[in-house]
Amino acid sequence: MRLIILLCGVVLAFSSCKKTDETIIYGDHYFPADSGRYVIYDVMDIVHDDPSNVHDTSRFQIKEIIGEEIIDNEGDPTRKLYRYFRENDTLNWSLQDVWIVKKTGRSVELVEENQRKIKMAFSISYDQYWDGNALNNLDAEQCYYSHIYEPISVGSIDYDSSVVVEHQDFLTYIEYLRFYEVYAPNVGKIQSYYKDVEINEGDTLNVEKGTELFYEAVAFGKE
């Protein structure tokens with residue numbers, strides 16, 4: 001009898017550890033942060049100012065590549081994120097920004113334009129909520145996951161699994177704010193949608209003023 005109880009205890013302990021490990025790893029690899037990992041995006045940037053008859057669209061490419069490890073002010077390891085720009089795929093890359101990525105067992109922080117934001121929180125689940133702006137002075141931004149582990153096609157690339165991080169979804173008669181990002185395992189961000197515009201009569205396509213910014217991954221790998 002004592003032997004049976006002991007064996008059951010070992011099985012339960014093993015099962016518990018295994019489940020925890022899988023949860024952490026499964027969330028972790030949706031934002032790989034090892035050196036040399038890169039993603040190239042087609043980007044579309046739209047500026048609206050209907051009273052001035054301005055609706056300008058710019059198209060270009062951004063390449064993000066994880067760089068070397070550094071230690072931050074809290075004594076924790078972080079990595080540089082190099083961001084390169086080019087107008088089209090026939091031109092050479094030029095360095096545009098250097099951001100900072102801090103990845104822990106609990107979250108991914110990204111310092112972009114001197115603002116520290118929490119991009120992901122682990123583990124990934126429908127019950128996970130967090131304030132994306134908890135580490136800066138911006139207004140609170142409640143983030144959560146949707147469409148967890150669903151296959152998706154972005155451009156010409158098919159992904160077996162993805163998760164969506166929801167940032168903003170606000171619609172009134174005169175304003176529309178929508179922002180979400182899509183991540184794929186062992187790749188990172190594969191798509192983002194940002195739209196902050198003034199609209200007419202609740203029509204999100206009838207735009208008066210504002211900006212739109214769309215990212216779509218076209219290549220990825222490790223250098």
Subject >> Test: VAL197 is under 19 Å from MET44 (Cα atoms), among the β-branched types (Val, Ile, Thr) and not in a loop (DSSP other than H, G, I, E, B) >> reply: yes
**OP:** State which residue pairs qualify: first residue among the hydrophobic types (A, V, I, L, M, F, W, C) and inside the stretch 167-188, second residue open to solvent by less than 30 Å² (accessible area, probe 1.4 Å) and part of a loop (DSSP other than H, G, I, E, B) in any location, beta carbons under 6 Å apart, and separation of 6 or more residues or different chains.
**Re:** VAL182/SER162; ALA184/SER162
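For the stretch 149-166, which residues satisfy the criterion of being surrounded by 15 or more Cβ atoms within 10 Å (Cβ to Cβ) and among the aromatic types (Phe, Trp, Tyr)?
TYR159, the sole residue that qualifies.
Each row is one residue, and each column tells you yes or no for (1) of a type in the set (Asp, Glu); (2) open to solvent by less than 50 Å² (accessible area, probe 1.4 Å); (3) under 24 Å from GLU216 (Cβ atoms); (4) assigned to a loop (DSSP other than H, G, I, E, B).
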| site | (1), (2), (3), (4) |
| --- | --- |
| PRO32 | no, yes, yes, yes |
| SER35 | no, no, no, yes |
| ASP42 | yes, no, yes, no |
| SER58 | no, no, yes, no |
| GLN61 | no, yes, yes, no |
| GLU64 | yes, yes, yes, no |
| GLU74 | yes, no, no, yes |
| THR78 | no, yes, no, no |
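For (1) within 22 Å of LYS195 (Cα to Cα); (2) hydroxyl-bearing (Ser, Thr, Tyr); (3) at pLDDT below 95, each residue gets a yes or a no:
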site	(1), (2), (3)
GLN128	no, no, no
SER146	yes, yes, no
VAL154	yes, no, no
ASP160	no, no, no
ASP169	yes, no, no
Original post:
Given the conditions (1) over 25 Å from TYR38 (Cα atoms); (2) open to solvent by less than 40 Å² (accessible area, probe 1.4 Å); (3) not hydroxyl-bearing (Ser, Thr, Tyr), which single one is not true for ASP169?
Top reply: (2)
Original post:
Restricting to the stretch 95-114, what's the tally of residues that are open to solvent by 60 Å² or more (accessible area, probe 1.4 Å) and farther than 16 Å from PHE31 by Cα?
Top reply: 5
Original post:
Of all residues in the stretch 137-146, which are more than 23 Å from GLY210 (Cβ to Cβ) and either open to solvent by less than 50 Å² (accessible area, probe 1.4 Å) or in contact (Cβ under 8 Å) with a residue 24 or more places away in the chain (or both)?
Top reply: TYR145, SER146
Original post:
Is there a residue being more than 25 Å from GLU69 (Cα to Cα), of a type in the set (D, E, K, R) and more than 14 Å from the chain's Cα centre (by Cα) anywhere in the stretch 105-114?
Top reply: no
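So which residues in the stretch 196-218 are under 16 Å from the mean Cα position of the chain (by Cα) and open to solvent by 20 Å² or more (accessible area, probe 1.4 Å), if there are any at all? Give the derivation first.
Within the stretch 196-218, the subset under 16 Å from the mean Cα position of the chain (by Cα) is 213-218.
LEU213, PHE214, TYR215, GLU216, VAL218, listed by residue number.
Output the residue which, of all residues in the stretch 174-195 that are surrounded by fewer than 17 Cβ atoms within 10 Å (Cβ to Cβ) and within 25 Å of ILE62 (Cβ to Cβ), is nearest to the chain's Cα centre (by Cα).
The qualifying residue nearest to the chain's Cα centre (by Cα) is TYR193.
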Subject >> All positions within the stretch 80-109 that are among the aliphatic types (A, V, I, L, M) and in a strand (DSSP E or B) >> reply: LEU81, LEU95, VAL98, ILE100, VAL101, VAL108
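The values are calculated or read from the model by the stated rules, or taken from the named source; none is laboratory data. Predicted, not measured: the structure shown is a model, and the values here were computed from it. When we count neighbours, we look across all protein chains shown, and the Cβ atoms used for this are built from the backbone with ideal geometry, even at glycine. Note: accessible area is taken over every heavy atom of the protein model, side chains too, but ligands, DNA and RNA are not part of it. Shrake-Rupley method; radii C 1.70, N 1.55, O 1.52, S 1.80 Å.
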